[in-house]
1. Cβ-Cβ under 6 Å, sequence separation 6+ or interchain: first residue in region 72-90 and in contact (Cβ under 8 Å) with a residue 12 or more places away in the chain, partner part of a helix (DSSP H, G or I). Which pairs?
2. For region 1-30, name all the residues that are of a type in the set (A, V, I, L, M) and surrounded by 11 or more Cβ atoms within 10 Å (Cβ to Cβ).
3. Is region 117-129 home to any residue that is open to solvent by 60 Å² or more (accessible area, probe 1.4 Å), over 19 Å from GLN60 (Cβ atoms) and β-branched (Val, Ile, Thr)?
4. Which one of ASP112, ASP70 is open to solvent by 60 Å² or more (accessible area, probe 1.4 Å) and more than 30 Å from TYR165 (Cα to Cα)?
5. If you take the residues of region 153-163 that are farther than 11 Å from PRO181 by Cβ and open to solvent by less than 50 Å² (accessible area, probe 1.4 Å), which of them is nearest to the chain's Cα centre (by Cα)?
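The values are calculated or read from the model by the stated rules, or taken from the named source; none is laboratory data. The shown structure was predicted, so the numbers you read here are calculated from the model rather than taken from an experiment. In this analysis, Cβ positions are derived from the backbone assuming ideal geometry, glycine residues included, and neighbour counts consider all displayed protein chains. The accessibility values were calculated without ligands, DNA or RNA, using every heavy atom of the protein model including side chains. Shrake-Rupley method; radii C 1.70, N 1.55, O 1.52, S 1.80 Å.
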Amino acid sequence: NTHNAKAFFEHYLEPALLKQVDLTTLELQSGQLITQQLKGLFTDLLYTVNFQGQQQGYLQILTEHQSRPDKHLALRLLQYKIAILERHSHQSQGEETWLPPIHTMVFYHGRDNPYPYTLNIRDLFRTAAHAELTLDGLPQLINVHDYTDSQLLDKSFIQLMSYLYKHVWDKDMVPVLKAIPDSI
């Protein structure tokens with residue numbers, strides 16, 4: 001029921017975040033997210049809502065039903081967010097869209113109080129540098145087109161493979177193959 005959900009968010013959302021969302025746009029979504037790696041993830045309640053600037057985003061409520069707190073709950077929360085983002089991305093293919101903001105709330109009612117584990121995924125890494133590398137670090141793009149043919153044809157099998165990938169779309173492969181030195 002949207003009325004009850006709105007009341008829940010009005011009561012529990014952090015005041016700064018509450019000011020950023022338009023609860024009149026609240027809409028319940030399917031809570032089952034299917035991903036290739038995670039056969040079926042179930043979120044307890046997932047709502048779309050408009051954030052400031054009319055961008056649609058998500059409010060997710062997870063009820064922690066376990067009798068014992070989960071040391072790796074932060075990792076599971078990240079999996080849910082990734083699944084939501086993947087589903088959003090697939091549903092909006094062909095459209096120029098930004099990824100939506102997602103705010104997750106965990107409604108905990110276990111016996112251990114206070115909740116003994118962190119919900120910050122960064123705290124699960126050994127060092128802050130490892131967390132930063134994993135969560136914020138940009139992937140390294142190796143673009144074979146940034147290398148000259150002579151750089152790619154310099155002694156190693158890996159470079160040779162990179163050279164062939166660089167030219168895989170060429171219409172005439174004969175000059176490409178003739179350029180490969182005998183020494184490789």
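1. From region 72-90, the pairs are ALA74/ILE121; ALA74/LEU124; LEU78/ILE121.
2. Our first condition is that a residue be of a type in the set (A, V, I, L, M); within region 1-30, this holds for 5, 7, 13, 16-18, 21, 23, 26, 28.
ALA5, ALA7, LEU13, LEU17, LEU18, VAL21, LEU23, LEU26, LEU28, listed by residue number.
3. Scanning region 117-129, I find no residue that is open to solvent by 60 Å² or more (accessible area, probe 1.4 Å), over 19 Å from GLN60 (Cβ atoms) and β-branched (Val, Ile, Thr), so the answer is no.
4. Sole residue among the options that is open to solvent by 60 Å² or more (accessible area, probe 1.4 Å) and more than 30 Å from TYR165 (Cα to Cα): ASP112.
5. Across region 153-163, the extreme among qualifying residues is SER162.
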